[in-house]
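Take a look at the structure set out below.
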Amino acid sequence: MKSRQFSIRPIRVLSVALSVAFLILISAVFNLQIISGEYYYRLSENNRIRIVPKRAPRGRILDRKGKVLVDNRPTYTISILPFEFTKKPEVISRLVDLLSITPEEIDKQLQRGGITPYAPVPIKRKVDFTTVSELQEHLLDYPGVIYEVEPQRVYPWRSHAAHAIGYIGEISAPELRDLYRLNYKAGDFIGKLGIEKSYDTWLRGKDGAEFFEVRVTGEVVGPVQGRPNIQAISGADIISTIDLELQALAETLMANVESGVFIAMDPRNGEVLSMVSRPSFDLELFTKTITDSIWDLLNCRETHPLLNRAIQGTYPPASIFKLVTAMGAVDEGIANEKTHLQACHGSIWYGDRWFNCWNRQGHGDINLIQAIEQSCDVYFYQLSLHLGLDKWSELASASGFGKPTGIDISPEAVGFVPSRQYFANRYGRGGWGHGVVMNLCIGQGEILVTPIQMAQYICSIANGGTIYKPKLVKEIRPPMGRPLIVENEKNGQLPASAVAMRIVRDGMVQVVNGPKGTGVWAQLPDVKVAGKTGTAQNPHGLDHAWFVAYAPAESPRIVVLTLIEHGISGGAWAPLARDYIWYFMNIYEPRLN
Amino acid sequence: MTRSFDWTIAICAVLLSAIGILLIYSASPTSVLWIKQAIYLVVGVLLMVGLWKIPIRLHYSFGWIYFVISLVILLAPILQGGDVKRWVHFGFATFQPSELAKPAIALVLARFFYDHKKDIKSIKVFSGAILITAIPFGLVMIQPDLGTAMVFIAIFVCSIYTAGVDELTLFFVASPLLSIVLSFHWIPWAVFYVALLLILWFSRTRLAAFLTISIGNFVVGVLTPAIWRSIHIYQKERILVFLDPGRDPFGTGYQIIQSKIAVGSGQFWGKGFLQGTQTKLAFLPAKQTDFIFAVLGEQFGFIGSFITLLIFFILFFRILKIADEARNEYARILATGLGSIIFFGTLVNIGMVIGLMPVTGLPLPFLSSGGSSLITSFCILGILQSIHSHGIEGP
């Protein structure tokens with residue numbers, strides 16, 4: 001029975017491999033315990049390894065021309081190393097005197113830092129230099145207390161573009177739960193809003209570390225054998241699409257507006273040049289400890305300054321939505337620039353009631369272009385009956401409404417485009433009539449849009465039909481390696497033929513330049529501006545005022561949107577857009593070349 | 001002719017477990033962990049004796065059933081949800097399914113290779129075996145449990161090698177991985193690639209295999225640096241921290257520093273039982289589970305570490321001897337497959353504690369605190385006992 005049917009080779013090879021692996025293990029253990037044993041014994045009994053993080057500077061945020069929007073400055077932080085810190089009463093009382101804090105605060109901070117017991121726990125941030133030198137002179141009186149240099153945010157332009165830029169704060173427990181896989185730690189700072197939030201993984205960089213061998217008394221013996229320091233890698237600079245000069249202009253124009261939105265975009269690529277959301281706030285607030293009263297103000301239920309109305313506010317689009325209806329009507333063969341419908345006498349009878357035009361005097365017998373120019377409701381009521389609800393909601397969705405634009409900051413509201421299904425669920429079959437579509441086609445009723453969706457839409461009209469995804473960041477510049485250019489992205493194509501586009505654009509030129517245009521306040525002498533007004537009915541107070549414009553009408557390079565909450569009439573606010581466009585054309589652009 | 005119970009592996013295993021219980025007690029004398037571990041040891045020994053009596057014919061016929069059961073229990077923690085997906089909760093106890101899955105993979109691979117003995121080198125059998133390993137591999141990677149996933153690969157390699165696939169073929173299969181490792185600089189990679197081509201040429205590999213291997217390695221060797229260059233520094237850093245935790249001193253890197261201090265400070269004789277300063281304090285997390293070897297090194301020094309390693313070494317050689325003496329192919333493959341679980345776990349765990357290998361979270365067989373690992377290890381020995389006494393009959 002001793003005859004072997006199979007090769008003994010594999011088992012032999014495995015035996016040899018195992019023996020070699022064992023020899024390696026034994027010699028590594030020998031090296032650790034016998035050759036370096038004394039060194040490690042010293043470390044375990046008397047001395048400790050101290051690891052001090054080297055904080056990576058957060059990347060800066062620059063405007064499109066490289067001007068600094070957000071910068072860093074070094075600050076001193078007093079921290080406690082939990083393993084070296086002995087809670088002797090005299091040490092605590094010295095610390096209390098030095099930092100003018102209470103012993104309870106020290107305890108509270110120490111408990112919070114318990115997640116990583118070997119990392120220093122910040123006790124007081126932003127201490128002045130005299131405190132640091134005091135500590136440095138009497139280090140041995142403060143065992144386990146160190147100071148660190150931490151870069152801290154500086155916002156030189158205070159409230160300019162505050163919502164787009166955003167602010168940072170200490171990471172919260174829910175954020176940490178989601179992000180611990182990406183090497184986030186307790187005590188890290190993380191973007192909470194705007195670009196600071198959505199580009200956080202680029203901006204934050206990676207902390208390094210320094211290793212020291214330290215005596216029990218707190219004296220530093222020297223570096224740790226076999227443990228080279230780890231360099232900090234600073235975060236990437238973010239180049240925004242915002243232009244500081246234009247942003248400052250927009251902020252000035254909006255200074256007297258209590259609540260509202262101002263957006264300026266380049267229609268050729270979707271870059272946001274200016275974004276203002278009022279009421280605004282001072283970003284520098286977040287670099288200090290925020291008192292309860294300031295926090296209450298920032299979270300005020302009525303004004304809600306932290307809300308970025310440009311992407312989170314939803315409003316009825318009002319008469320601006322007549323542009324969607326008009327394009328649909330042309331492409332469905334319902335109307336063109338020569339089409340005259342039943343003349344407007346200030347209202348129209350449909351079903352069992354009168355539908356009013358905003359102008360109770362009536363607009364008379366007009367064509368489609370004049371209807372856009374004068375924003376005649378009666379003309380569009382009639383178009384809507386031919387167009388129908390299904391076609392309308394299909395067009396509205398395809399034009400980018402009712403879904404997020406995907407702009408690179410969040411959270412973004414989606415707005416709402418009602419469909420047949422919605423009305424059937426809401427009112428039951430037959431519980432609603434054509435009246436709803438008549439209201440929707442003039443932008444009233446259930447439809448809700450965000451200002452950024454509207455700006456995206458106007459850009460697509462201006463550039464001839466391409467819906468560019470709005471963006472706030474042009475470029476990411478890491479400290480090493482190539483810069484990363486953020487490509488232009490498209491959200492599809494406007495569902496409109498060339499003819500429809502031309503008619504609507506002609507109408508928009510007439511809005512500003514026509515004899516009866518609703519936006520004549522936006523006229524400029526040497527530039528042809530196109531625009532559209534809108535007045536959104538507001539059941540809670542005065543109506544909201546929309547105005548959108550682009551220029552020059554022949555080959556647009558700038559789109560401006562204003563939304564003034566409780567602004568009553570869109571046309572009345574047209575001068576804001578006009579002044580911006582004038583500055584852009586006559587001062588900003590010539591200087592570029 | 002039947003042989004009797006193999007006392008050597010049984011004594012080695014009980015000795016190692018006893019050392020483990022001692023160390024668990026000294027790491028946390030106030031907790032009941034060491035009592036639990038002693039109970040697990042009794043359960044383990046009983047299971048080993050029970051399995052010794054079961055003929056391996058039975059394991060052969062259950063091969064696929066073991067596989068299906070292991071897939072189900074690997075899926076269970078994923079479906080149960082929760083943050084740490086490595087545990088399954090019953091009303092009365094929790095266990096780690098990945099521990100139980102290890103012998104199951106060895107059992108099914110042994111059966112698969114035995115069934116396809118004749119065409120072991122065919123692409124069909126090869127890819128079948130890879131598929132069998134890849135499914136549980138994927139399930140543990142989701143958790144993510146890199147250590148267990150690596151054990152599956154070790155089982156695969158040892159089993160297929162014992163089944164008769166030659167070193168050259170294994171080398172060709174592993175060559176793309178080597179290409180990835182070597183492609184950090186073009187010179188070592190170019191040397192490797194030329195060598196690979198020469199080996200392929202002189203080994204008279206069939207044309208299809210020749211082309212697949214040479215082109216595959218070329219693509220991997222060229223793409224890896226290109227991908228590495230195109231990803232950004234922060235993503236690179238994340239990958240590097242995964243491979244070398246020392247780069248993240250406030251995460252797992254700190255454990256490595258502390259466990260090296262603990263082991264090293266033991267010097268020759270150790271600080272003595274219950275005298276460890278490093279391992280008693282909170283300096284070392286997971287001290288009774290994954291880092292139990294650090295407790296050993298600190299308290300019993302080089303002499304204690306050496307004796308423990310020696311017992312492991314004897315145990316390993318007895319296992320290989322059982323494989324060597326098995327008179328049928330199924331038993332041979334199964335014995336090396338099962339053995340590789342213990343070999344690999346031991347080497348990787350100790351390598352991790354002394355800073356030679358990345359932190360993967362594999363327990364040290366027999367020593368680490370935890371019922372799943374201890375009981376599974378004794379079950380493995382039970383099947384090996386059965387091979388030792390019944391191996392001659394075969395399925």
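Quick notes
- Any pair with Cβ under 7 angstrom, 6 or more apart, that starts in the stretch B:47-60 at a residue that is farther than 20 Å from B:S372 by Cβ and open to solvent by less than 60 Å² (accessible area, probe 1.4 Å) and ends at one that is of a type in the set (F, W, Y) and part of a helix (DSSP H, G or I): B:Y60/B:Y330
- One residue stands out among those in the stretch A:24-52 that are assigned to a strand (DSSP E or B) and more than 7 Å from every other protein chain (Cβ to nearest Cβ): the one that is farthest from A:P151 (Cα to Cα), which is A:R48.
- Subset of the stretch A:12-47 [touching a residue at least 12 places away in the same chain (Cβ under 8 Å) and either open to solvent by 20 Å² or more (accessible area, probe 1.4 Å) or in contact with a helix residue (DSSP H, G or I) (Cβ under 9 Å, 6 or more places away or on another chain) (or both)]: A:S36, A:Y39, A:L43, A:N46
- In the stretch A:197-227, the residues that are within 10 Å of another protein chain (Cβ to nearest Cβ) and closer than 19 Å to A:L43 by Cα: A:A209, A:E210, A:F211, A:V224, A:G226, A:R227
- Among the residues of the stretch A:375-392, the one identified as open to solvent by 10 Å² or more (accessible area, probe 1.4 Å) and without any contact (Cβ under 8 Å) to a residue 40 or more places away in the chain is A:D390.
- Candidate set from the stretch A:456-491 (those that are outside any loop (DSSP other than H, G, I, E, B) and among the charged types (D, E, K, R)); member that is surrounded by the fewest Cβ atoms within 10 Å (Cβ to Cβ): A:K490
- The C-beta contact set for the stretch B:203-226 (first residue more than 19 Å from B:S127 (Cβ to Cβ), second residue outside any helix (DSSP H, G or I), distance under 8 angstrom, 6+ apart or interchain) comprises B:G221/B:S183; B:V222/B:S183; B:T224/B:S183; B:P225/B:S183; B:P225/B:F184.
- Set B:T224, B:T212, B:T205, B:T162: member being within 14 Å of chain A (Cβ to nearest Cβ), more than 23 Å from A:K206 (Cα to Cα) and either open to solvent by 80 Å² or more (accessible area, probe 1.4 Å) or hydroxyl-bearing (S, T, Y) (or both): B:T162
- Within the stretch B:293-326, considering residues that are more than 9 Å from chain A (Cβ to nearest Cβ) and of a type in the set (D, E, K, R), the one farthest from B:L356 (Cα to Cα): B:E325
- Search result, residues across the stretch A:295-310 that are more than 15 Å from the chain's Cα centre (by Cα) and not in a loop (DSSP other than H, G, I, E, B): A:W295, A:D296, A:L297, A:L298
- Taking the stretch A:140-156 as the range and being of a type outside the set (D, E), open to solvent by 50 Å² or more (accessible area, probe 1.4 Å) and touching a Lys or Arg at 6+ places or on another chain (Cβ under 9 Å) as the test, only A:V149 passes.
- Which numbered condition A:Q453 misses (of (1) open to solvent by less than 30 Å² (accessible area, probe 1.4 Å); (2) part of a loop (DSSP other than H, G, I, E, B); (3) closer than 29 Å to A:I242 by Cβ; (4) polar (S, T, N, Q)): (2)
- Filter pass, B:F202 being under 27 Å from the mean Cα position of the chain (by Cα) and not basic (K, R): no
- Selection within the stretch B:339-378: residues that are more than 9 Å from chain A (Cβ to nearest Cβ) and farther than 24 Å from B:I21 by Cα. The member of this set that is least open to solvent (accessible area, probe 1.4 Å) is B:P358.
- Hey, B:R86 modelled with pLDDT of 75 or more, surrounded by 14 or more Cβ atoms within 10 Å (Cβ to Cβ) and at negative phi or not: no
- Exactly one residue out of B:Q255, B:Q235 is modelled with pLDDT under 80, within 14 Å of chain A (Cβ to nearest Cβ), surrounded by 14 or more Cβ atoms within 10 Å (Cβ to Cβ) and farther than 15 Å from A:G208 by Cβ: that is B:Q255.
- Within the stretch A:229-242, considering residues that are within 14 Å of chain B (Cβ to nearest Cβ) and in contact with a strand residue (DSSP E or B) (Cβ under 8 Å, 6 or more places away or on another chain), the one surrounded by the fewest Cβ atoms within 10 Å (Cβ to Cβ): A:Q231
- Set A:A310, A:A326, A:A335, A:A318: member being open to solvent by less than 50 Å² (accessible area, probe 1.4 Å) and on the phi > 0 side of the Ramachandran plot: A:A318
- There is at least one residue in the stretch B:176-186 that is free of Cβ contacts under 8 Å to residues at least 60 places away in the same chain, open to solvent by less than 40 Å² (accessible area, probe 1.4 Å) and more than 14 Å from chain A (Cβ to nearest Cβ).
- Scanning the stretch A:183-226 for residues that are among the charged types (D, E, K, R), out of contact with any strand residue (DSSP E or B) (no Cβ under 7 Å at 6 or more places or on another chain) and open to solvent by less than 30 Å² (accessible area, probe 1.4 Å) turns up just one, A:D188.
- Residue check for A:M508: part of a helix (DSSP H, G or I) and at pLDDT 90 or above: yes
- Leading residue by the ranking (most open to solvent (accessible area, probe 1.4 Å)) among those in the stretch A:551-580 that are under 24 Å from A:G464 (Cβ atoms) and within 24 Å of the chain's Cα centre (by Cα): A:R557
- Every pair of residues 6+ apart whose Cβ atoms lie under 8 Å, when the first sits in the stretch A:347-358 and is part of a strand (DSSP E or B) while the second is among the charged types (D, E, K, R) and surrounded by fewer than 10 Cβ atoms within 10 Å (Cβ to Cβ): A:S347/A:R360
- A Cβ distance below 9 Å, combined with a sequence gap of six or more or placement on separate chains, defines the contacts here; from the stretch A:581-593, residues that are in a helix (DSSP H, G or I) reach residues that are basic (K, R) in the pairs A:F584/A:R557; A:M585/A:R557; A:E589/A:R557.
The values are calculated or read from the model by the stated rules, or taken from the named source; none is laboratory data. As the structure is a prediction and not an experimental result, all values here were calculated from the model. Don't worry about glycine lacking a Cβ; one is built from the backbone with ideal geometry, like all the others, and counts go over all protein chains shown. Note: accessible area is taken over every heavy atom of the protein model, side chains too, but ligands, DNA and RNA are not part of it. Shrake-Rupley method; radii C 1.70, N 1.55, O 1.52, S 1.80 Å.
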